1. Return yes or no: is residue 11 surrounded by 11 or more Cβ atoms within 10 Å (Cβ to Cβ), closer than 24 Å to residue 108 by Cα and hydrophobic (A, V, I, L, M, F, W, C)?
2. (1) among the polar types (S, T, N, Q); (2) at pLDDT below 80; (3) under 23 Å from residue 4 (Cα atoms): which one isn't true of residue 138, the others all being true?
3. From the list 77, 81, 94, pick out the single residue that is assigned to a helix (DSSP H, G or I), of a type in the set (Gly, Ala, Ser), at pLDDT below 85 and open to solvent by 30 Å² or more (accessible area, probe 1.4 Å).
4. Have a look at 111, 52 and point out the one that is exposed (fewer than 14 other Cβ atoms within 10 Å of the Cβ) and not in a loop (DSSP other than H, G, I, E, B).
5. Six or more apart or on different chains, Cβ atoms under 8 Å: show the pairs whose first residue is in the range 109-124 and more than 23 Å from residue 26 (Cβ to Cβ) and whose second is surrounded by 13 or more Cβ atoms within 10 Å (Cβ to Cβ) and of a type outside the set (Val, Ile, Thr).
Amino acid sequence: MLLLGMTISGLVVVALCFVAKREGVLVVKGFDRWLMAASIFTVGVNLVVTILLCWRIWCIGKEIPIKMRKASRRYRAIIHALIESGGVYSAAVAIQAIVNVAGMKSAAIILSYVMPQMVGLAPTWIVIRLHSLSSQQSFTTKSHC
């Protein structure tokens, strides 16, 4: 239901942007409400997906035998990376929604330029965290040989 709401509200926001561009105005009536709905649904879907992914990884990690506890650390690191990247993105979307509702137009414009970087930052953060984890593990296994 969240995914459907996010899709519909997102498509309406895109349609209203096209209408505004066609009419030569900056914002069409009702745009703020639809943008807020899209933001709320986006944060909701992001939180649910992050929780479900972390839950699944945690369940798989619990099934690892005691002999392989180093692998368990890797699962925990993956969970931390998912939570941190999802948290950064969700916080950015929530801040943008609050700024839009508060009617702070100049801050909303600035945030509209920052959001693409925030969207790109979330998956990049996961890659960096997991790469640093694999680098640490390869270093520790080489030092024991």
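1. Values: surrounded by 11 or more Cβ atoms within 10 Å (Cβ to Cβ): yes; closer than 24 Å to residue 108 by Cα: yes; hydrophobic (A, V, I, L, M, F, W, C): yes.
Against the criterion (surrounded by 11 or more Cβ atoms within 10 Å (Cβ to Cβ), closer than 24 Å to residue 108 by Cα and hydrophobic (A, V, I, L, M, F, W, C)), residue 11 qualifies.
2. Going through the list (1) among the polar types (S, T, N, Q); (2) at pLDDT below 80; (3) under 23 Å from residue 4 (Cα atoms), residue 138 breaks only (3).
3. Step by step, each of 77, 81, 94 is checked, and only 94 is assigned to a helix (DSSP H, G or I), of a type in the set (Gly, Ala, Ser), at pLDDT below 85 and open to solvent by 30 Å² or more (accessible area, probe 1.4 Å).
4. On the way: 111 fails: exposed (fewer than 14 other Cβ atoms within 10 Å of the Cβ).
Going through 111, 52 in turn, just one is exposed (fewer than 14 other Cβ atoms within 10 Å of the Cβ) and not in a loop (DSSP other than H, G, I, E, B): 52.
5. Hits for this filter: 121/85; 121/89; 122/85; 122/86; 122/89; 123/85.
The values are calculated or read from the model by the stated rules, or taken from the named source; none is laboratory data. Since we're looking at a predicted model, the values are computed, not measured. Because the Cβ atoms are built from the backbone with ideal geometry, glycine has one as well, and the counts that use them run over all protein chains shown. Ligands, DNA and RNA are stripped out before the accessible areas are found, and what is left, the full protein with its side chains, is counted by its heavy atoms. Shrake-Rupley method; radii C 1.70, N 1.55, O 1.52, S 1.80 Å.
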